[in-house]
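Asks: Quick one: structure below, then a few questions.
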Amino acid sequence: MHQNGDFIALNDVLTSPDTATDLQKQGPVHRATLPNGVPVWLVVGYDEAIAALNDDRLSAAAMLASGGLDGGKLNPDMRDALLKSLTNSDPPDHTRLRRLVSKAFTARRVEAMRPWISQMIDELIDGFAQHDQVDLMAEFAAPLPILVISELLGIPEADRPRVRAWSRTIISGFGSPDFAVQDATAFVEYLRGLIAQRRDDPDVALISALIRARDESDALSANELTATIFLMIVAGHDTTLSLIGNGVHLLMKKPDRAARLREDPSLLPAAIEEFLRLESPVPVANFRAAVGSFDIGGTHISAGDLVAISLQAANRDDSQFADPSRFDPARRKGRHLAFGHGTHYCLGAPLARLEGELAIGALLKRFPDLRLAVPAAELTWSQAPFIHRLDRLPLLLS
């Protein structure tokens, strides 16, 4: 772990679950720095994470206003257009936004996509099923979620490759000195154009539903609408591809578990929860800024300090999970925080769970001899700080 004086490099923690859990043994809260040099407090203990996620003295909106994520490179209007969504707002704005988005992004809308998602999974698998080997990340885990979220939102097929490229570039740049201002600006301008199109020519997809969503006299503002769509693309794409890749990787290291799931697919939902806990796709919750002075885990937080909450470390806290590094689909005790907790609990959790269950279930069914094509030690993990995923996952199909 690289340190700068008493400050830990946050990237070293967020890109390595083992590093996060080692740090946890030294205490629940530590001083760290973002890649752009901005200092943050890092919360790694489970109880402290729960407390921080529910503490209204930690403000997501104040974090947004600070410019800490983009290094102050975006002007306030562009920052709001990209980031003024549920994850970066506080009550009462958060309450209003969540109510409006929930009107459009319903459980019924997600469940109605089940047959279509299954069809897309089968088509993607058919595309590589005759080969001896596949890179699961490139040919399955990555394309599936962008297909699903694009279809859900109503993003034209021809635009999907650049939408995916924009979103991955932007999220990789948060907290970095090289934040991609040009890509962020281009993406916002694209979304504004698409929204204008849907206002004139609405369809049955989610962007049109978000435009229509109203609560008494309230509706999503122009910037809230673009930021909500950006959030859904990022959350609906990067997190789900990580869930699929991380889950399959765990099963390839535990062939007996994979065999058990093939024999009894009803166990798959519980396995998905263990994938989420053990290899959390999102290693850190959205950052907050302190709007008062108080203590977390015996550490004093001053007004204006930035706080990062490691979901990844909390999910491996041995005070909450027995033998936390062990993959145990039958685990009963403990509730993981992979989708957050409290006010900011992820609205897209049902969609991610559905995609993960259908995708991994289909792979296990189609390929009874599925296994790693390279030694596990040769696999590498992305260094993007806000996503925990493999760079590639080569598998032998037969």
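The values are calculated or read from the model by the stated rules, or taken from the named source; none is laboratory data. All values derive from a computational prediction rather than experimental measurement. Here the Cβ is made from the backbone with ideal geometry for all residues, glycine too, and neighbour counts use every protein chain on show.
Asks: If you scan the range 25-47, which residues turn out to be surrounded by fewer than 22 Cβ atoms within 10 Å (Cβ to Cβ) and part of a helix (DSSP H, G or I)?
Replies: D47
Asks: State yes or no: is L276 modelled with pLDDT of 95 or more and closer than 30 Å to L64 by Cα?
Replies: yes
Asks: When the residues of the range 108-167 are narrowed to those that are in a loop (DSSP other than H, G, I, E, B) and closer than 20 Å to L393 by Cα, which ends up nearest to the chain's Cα centre (by Cα)?
Replies: Result: A142.
Asks: Continuing with this model, one more query. Do you know which of the residues in the range 168-193 that are touching a residue at least 60 places away in the same chain (Cβ under 8 Å) and over 21 Å from the mean Cα position of the chain (by Cα) is surrounded by the fewest Cβ atoms within 10 Å (Cβ to Cβ)?
Replies: P177
Asks: Out of the residues in the range 52-80 that are part of a helix (DSSP H, G or I) and modelled with pLDDT of 95 or more, state the one that is surrounded by the most Cβ atoms within 10 Å (Cβ to Cβ).
Replies: Selected residue: A52.
Asks: Of the numbered conditions (1) surrounded by fewer than 20 Cβ atoms within 10 Å (Cβ to Cβ); (2) over 28 Å from N11 (Cα atoms); (3) of a type outside the set (K, R), D323 fails exactly one; give the number of that condition.
Replies: Every listed condition holds for D323 apart from (2).
Asks: Among the residues of the range 317-328, is there at least one that is touching a residue at least 40 places away in the same chain (Cβ under 8 Å), farther than 30 Å from W116 by Cα, of a type in the set (A, V, I, L, M, F, W, C) and part of a loop (DSSP other than H, G, I, E, B)?
Replies: Taking every residue of the range 317-328 in turn, at least one turns out to be touching a residue at least 40 places away in the same chain (Cβ under 8 Å), farther than 30 Å from W116 by Cα, of a type in the set (A, V, I, L, M, F, W, C) and part of a loop (DSSP other than H, G, I, E, B).
Asks: Which condition breaks for A308 when tested against (1) at pLDDT below 95; (2) of a type in the set (A, V, I, L, M); (3) not in a strand (DSSP E or B)?
Replies: (3)
Asks: I'd like to know if the range 121-142 contains one or more residues that are within 23 Å of S208 (Cα to Cα) and either surrounded by fewer than 17 Cβ atoms within 10 Å (Cβ to Cβ) or not β-branched (V, I, T) (or both).
Replies: no
Asks: I've got another one for you. Select from the range 120-149 the residues that are touching an Asp or Glu at 6+ places or on another chain (Cβ under 9 Å) and without any contact (Cβ under 8 Å) to a residue 24 or more places away in the chain and list them in ascending order.
Replies: Residues satisfying the conditions are L124, G127.
Asks: Is it true that A104 is in contact with a Lys or Arg (Cβ under 8 Å, 6 or more places away or on another chain) and surrounded by fewer than 16 Cβ atoms within 10 Å (Cβ to Cβ)?
Replies: So A104 fails the test.
Asks: Find the helices (runs of 4 or more DSSP H) located wholly in the range 202-293 whose residues include 2 or more that are within 28 Å of D55 (Cα to Cα), touching a residue at least 24 places away in the same chain (Cβ under 8 Å) and out of contact with any helix residue (DSSP H, G or I) (no Cβ under 8 Å at 6 or more places or on another chain), and list them.
Replies: The helices (runs of 4 or more DSSP H) meeting that bar are 268-278.
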